[in-house]
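Have a look at the structure below before the remarks.
The values are calculated or read from the model by the stated rules, or taken from the named source; none is laboratory data. No experiment lies behind these values; they were computed from the predicted model shown. Note that each Cβ is placed from the backbone with ideal geometry, even for glycine, and that neighbours are counted across all protein chains shown. Remember, those area values only see protein heavy atoms, side chains included, never the ligands or the DNA or RNA. Shrake-Rupley method; radii C 1.70, N 1.55, O 1.52, S 1.80 Å.
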Amino acid sequence: MEHRVYADNAATTKLSSRALNAMMPYLTDNFGNASSIYTEGGAARKAVDQARETMAQCLHIKNPSELYFLSGGSEADNWAIKGAAELSLKKGKNHIISTKFEHHAVLHTLEYLEKHGYEVTLLDVHEDGLVRPEEFEAAIRENTGLATIMFANNEIGTIQPIQELSAIAKKHGVLFHTDAVQAVGTIPVNVEELGVDMLSLSGHKFHGPKGVGALYLRKGIRLPNLVHGGAQERGYRAGTENTAGIVGMAEALKESCEVMEERNIRLARLRDKLIDSLLTIDRSRINGDRVHRLPGNVNVCFHGVEGEALLLSLDLKGVAASSGSACTSGSLDPSHVLLAIGLPHEVAHGSVRLTFSTETTEEDVDYIISVLPPIIERLRAMSPLWERIIAQDNT
Amino acid sequence: MAYSEKVMDHFANPRNVGEMEDADGIGEVGNSKCGDIMKMYIKVKDDVITDVSFKTFGCGAAIATSSMATELVKGHTIPEALQLTNKAVMEALDGLPPVKVHCSVLAEQAIKAAVSDYYQKQGIDPKTVVGEIPEPIECHLED
Ligand SMILES: Cc1ncc(COP(=O)(O)O)c(C=O)c1O
């Protein structure tokens, strides 16, 4: 049988069997509508309420009613940012601060707002992929109403000092949102300690089902309704609840929180082993700070090699990974994240991202270590760019 | 995006890959900023391309189209090689995803660039035979 290693867990994760089992009743016998008053409806209502409590507990959210269920990370980001922008405008504030390397769910939302008269400042993330709190504070103006800064970057895995940033925002009366889609279920997230006003999360990044997520919205912040209709999610987001999805997401988060500490020690060791090994390859570089980094994230560039060719080669060897090359980003340019940390285009084209989960084993990592170097060698042997790099070096 | 079996075959087992030491003509197109560079080498005898090889930095389609283009001109006369179109390269590969069409254009241009270089080395103005080779296309021009 072909050996498959799934190393693209930042893209999505496999549904855990615990989550699936928790979901099954709501896909079968307990099909009732949570808004109905009879027995079947009651069971669904209870399940949704319980899920909210479970998740609030995992995330240290005082009041479970501050957690709103919706369809995923993109929807949570859109609601938080557009909603808070609208709120701020009522106070005459039309300036928003974010960073250059946010997910497109944030960046494209900000572009939309710019077209509608908002001003946006995107903070530099420097070579290490980290926001500097003092630069954030310096960017705050009289008319700044909102800041949105991601918790952990989806490509290079760097973790931002959210607690410090949100304290600065608070001091200046600026609403603070964080896209924590890559952080929740992956590293400890304590909403109370973080002091954020809004936080986005998505179920499928931590072994829950796809198409379900949540926004933490601090009590007292009255965002405009996201979906007009029924009274679901306190009227903010109408539509019959995705009971099974919500239950599965909550179960997956609970499981992630239970195993997190031990798992992260293990994954950080595997991550460091893989990074150290890949960095022994000639003209390779690690992207993003090595210390403030998600435990399962490896992102490396190899000069003279193009990322898509690298991914196809890995796939032929049974390894699923991703890249920030233009060919895989579906646009004209390589990943905006890699450009934001200052990589030249030709280097950014040669990136590979390998991301682990609880299912990743040492054998998987050893297998990657055994198949990747020969692939680089093969692609470089046929690369005129590599030939040029070597020639330049020898002169 | 999915590649045809032919594309994957030419990617995994590229034909005529590698540098040619005693090439009569060498052509290079594309640029590293856009993420693809193709370099073609030809050996010519009595107006016939007796040998051809390539080196490519680029995505799977860039490697596969280079490989296929060398197959399509090998053993053919120069006038025949100059007739090679990107469409012919694509068809021979059972098609390319729309965003990869530019790779086949680069492959066509790489062959023309190698022939140009050959004429140049022969002291013949290539423009009279090959015509103008268009400026390298924009990064990832989508047809
Ligand atoms: C940082 C970040 N934000 C937002 C999203 C979007 O989440 P979803 O796919 O649930 O809409 C993702 C995942 O792709 C992500 O990594």
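Computed values, structure above
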{"item": "Charge dipole (debye, nearest 20) of the range A:294-395; +1 at Cβ of Lys and Arg, -1 at Cβ of Asp and Glu", "result": "260 debye"}
{"item": "Cα-based reach from residue A:62 at 21 Å (exclusive), listing lysines while leaving out same-chain residues under 8 positions away", "result": "A:46, A:170, A:219, A:254"}
{"item": "Label zone at residue A:167 (point 7 Å along Cα-to-Cβ), backbone N below 16 Å, the range A:134-152", "result": "A:134-138"}
{"item": "The range A:143-194-the range B:1-64 distance, computed between alpha-carbon centres (Å)", "result": "47 Å"}
{"item": "Residues with amide H under 5 Å from that of residue B:77, placed H, sequence gap 5 or more", "result": "B:49"}
{"item": "Debye, to nearest 20: dipole size of the protein assembly as shown, +1 on Lys, Arg Cβ, -1 on Asp, Glu Cβ", "result": "1660 debye"}
{"item": "Under 20 Å from the residue A:222 label point (7 Å along Cα→beta-carbon), backbone N, the range A:146-171", "result": "A:146"}
{"item": "Isotropic mean projected area of the C-alpha convex hull, the protein assembly as shown (nm²)", "result": "28.5 nm²"}
{"item": "Under 20 Å from residue A:82, Cα to Cα: aspartates and glutamates that are on another chain or at least 8 residues apart", "result": "A:66, A:102, A:111, A:114, A:119, A:142, A:179, A:197, A:233"}
{"item": "Kyte-Doolittle at least 0.0, axis length at least 27 Å by Cα - qualifying DSSP helices, chain A", "result": "A:362-381"}
{"item": "Carbon plus sulfur fraction of accessible area for the range B:82-131, probe 1.4 Å, in percent", "result": "51 percent"}
{"item": "Environment charge at residue B:79 (Cβ cut-off 14 Å; Lys +1, Arg +1, Asp -1, Glu -1)", "result": "-2"}
{"item": "Environment charge of residue B:88, counting only residues whose C-beta is closer than 12 Å and scoring Lys/Arg +1, Asp/Glu -1", "result": "-3"}
{"item": "Diffusion coefficient, µm² s⁻¹, Stokes-Einstein with Kirkwood Rh over alpha-carbon pairs of the range A:17-255 at 10 °C and 1.306 mPa s", "result": "88 µm²/s"}
{"item": "Whole-Hz couplings from phi, Karplus 6.51/-1.76/1.60, listed for the range B:13-23; x for Gly and Pro", "result": "10, x, 8, 6, 8, x, 6, 10, 5, 10, 5"}
{"item": "Listed residues A:257, A:327 arranged by accessible area, highest first, probe 1.4 Å", "result": "A:257, A:327"}
{"item": "Protein accessible surface hidden between B and A, which excludes ligands and nucleic acids, total in Å², probe 1.4 Å", "result": "2100 Å²"}
{"item": "With eigenvalues of the C-alpha gyration tensor scaled by 5 and rooted, the range B:5-127, Å", "result": "23, 14, 13"}
{"item": "Nearby lysines by direct alpha-carbon distance to residue A:273 (threshold 16 angstrom, same-chain neighbours under 8 apart not counted)", "result": "none"}
{"item": "Check: the range A:30-109 dipole with +1 on Lys, Arg Cβ and -1 on Asp, Glu Cβ, in debye", "result": "320 debye"}
{"item": "Shielding by partners, peptide A:377-387 (average Cβ within 10 angstrom, other chains)", "result": "6"}
{"item": "Order by protection proxy (mean Cβ within 10 Å, highest first), peptides A:136-142, B:62-68, A:209-215, A:62-68", "result": "B:62-68, A:209-215, A:62-68, A:136-142"}
{"item": "Per-residue ³J(HN,Hα) for the range B:86-99, Karplus 6.51 cos²θ - 1.76 cosθ + 1.60, θ = phi - 60°, Hz, x for Gly and Pro", "result": "5, 5, 5, 5, 4, 4, 5, 9, 6, x, 9, x, x, 6"}
{"item": "Cα centroid separation - the range A:36-97 against the range A:355-395, whole Å", "result": "43 Å"}
{"item": "Residue-averaged beta-carbon neighbours from other chains (10 angstrom radius) around B:47-57", "result": "3"}
{"item": "Around residue A:142: net Lys/Arg minus Asp/Glu count, Cβ-Cβ under 13 Å", "result": "+2"}
{"item": "Positive dipole terminus of the range A:17-255, leading residue within A:34, A:71, A:50 (C-beta point charges)", "result": "A:34"}
{"item": "Under 5 Å, built H, 5+ apart or other chain: amide partners of residue A:120", "result": "A:96"}
{"item": "Sequence-separation-based contact order of the range A:17-255, relative, with Cα cut under 8 Å and 6+ spacing, percent", "result": "27 percent"}
{"item": "Complex-versus-alone comparison for the range A:295-328, residues with a loss of 40 Å² or more in accessible area, probe 1.4 Å", "result": "A:306, A:308, A:312, A:316, A:327"}
{"item": "Burial ranking of peptide ranges B:81-87, A:114-120 (average Cβ count within 10 Å, highest at the top)", "result": "B:81-87, A:114-120"}
